[in-house]
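Please treat every number below as a calculation from the coordinates, not as lab data. The shown structure was predicted, so the numbers you read here are calculated from the model rather than taken from an experiment. All Cβ positions, glycine included, derive from the backbone under ideal geometry; neighbour counts span all protein chains shown.
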Amino acid sequence: MQSNTVLVAGGAGFLGSHLCSALLADGNRIVCVDNLGSGRQSNLEGFRSHDNFQFLDTDIREPAELPPVDEIYHLASRASPADFAEYPLRIALTNTEGTRNLLQHAVECDARLVYASTSEVYGDPEVHPQPESYNGNVNIRGERACYDESKRFGETLTVAYEREYDLDVRTARIFNTYGPRMRPDDGRVIPTFLSQALQNDALTIYGDGSQTRSFCYVDDMVRGLQSLMETDGLQGEAINIGMENEVAIRNLADMIIDLCNADSDLVYEPLPEDDPRKRQPDISKARTLLDWEPEVSLKKGLKQTLEHFRSYERLTLDSSSSADNA
């Protein structure tokens, strides 16, 4: 496999750090760009000292001197619904100004770029499952719009750059992804349920729990992103990457309670504004164009994610005990 110099924007985040690790294992040189707004230095511990790894504490929303690269993965953006109310401008500008800055750098380097879009561009979908041809049903003035709509405009920018500069840019529409290195306070449903179950706290379900999601394990997602980057002939394409098997949120809660052997109840809260009722990708294009589909079952992926959360809990308890005895 050819060795490349690869820029990973958002490389200290949950998904970005797994991607950096996989790219290093393939012999690439990595330039990890992150302002550590939601990314963490601890995510980089396994490879921070690698000879082919460089970390730049840089905010892509601002003009910056970036090194020449062959490939760019744009994964930078807060993606947790918990952040939408607190950081709306930062999120919106990361996916617009930040995207423009990286696209411009790709033009200057003649680099191939993969833009990490999201299933949120489909909003609360009226078509199920969602194919790439579906234009979505998004509330452009809702609390989620800072993320949903800025991702949509980010896609518009990629198309404009592809048309004006003949830039080789591809778009990954990423569906719910989970796995080790997610923050327990991330705000997304799997880390929230695991954290609550490990404490034997009640699991919080919004609405009646009948809304569905499709959860893709992080290793499968990384394979999909790499395949999208490495497959020739996909300039300008947008491709769904995610797990097809959808699960109702209340059923997910029951699975996690059983997995953790927890003594947890369920509590119900009002459904947030614009929360999608259904979410499932049509991955026909990924199968055909990338020869990709998920391999890790939800049950197996949850077990592996649980081990990470248990380790995190042990570290937290040990740190607390050390502080108490200091």
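Observations, loosely collected:
- Over all Cα atoms in region 46-190, the spread is summed up by Rg and Dmax: 16.0, 49 Å.
- Between Arg29 and Asn4, Thr5, Val6, the built amide H atoms are under 5 Å apart, and every one of these is 5 or more places off in sequence or on another chain.
- Convex hull of alpha carbon positions in region 89-147: directionally averaged projected area 4.9 nm².
- Shape of region 13-81, Cα gyration tensor, a/c cut at 1.5: oblate
- Matching the structure-derived Kirkwood radius over Cα pairs in Å against the labelled list (1) 25.1; (2) 19.7; (3) 20.2 gives the label (3).
- Looking at the chain, the DSSP beta bridges with both ends there are about 10 percent antiparallel.
- Rounded if a/c under 1.5, otherwise prolate or oblate - region 131-184, Cα gyration tensor axes: oblate
- Relative contact order for region 196-296, counting Cα pairs under 8 Å that sit 6 or more residues apart, in percent: 48
- Taking every C-alpha pair closer than 8 Å and separated by at least 6 residues, the mean separation divided by the residue count of the chain gives a relative contact order of 17 percent.
- Percent antiparallel among DSSP beta bridges (both partners in region 116-263, rounded to 5): 25
- Counting only residues at least eight positions apart within a chain, or on another chain, the lysines with an alpha carbon under 22 Å from that of Lys285 are Lys151.
- Whole-Å distance, taken between Cα centres, linking region 43-86 and region 161-180: 15
- Overall, the chain carries a charge dipole of about 260 debye about its Cα centre when +1 sits on the Cβ of Lys and Arg and -1 on the Cβ of Asp and Glu, all other atoms neutral.
- Of the GluC sites (Glu not before Pro) found in region 7-106, those that fall in a DSSP loop while having at most 11 other beta-carbon atoms within 10 Å are Glu45, Glu65, Glu86.
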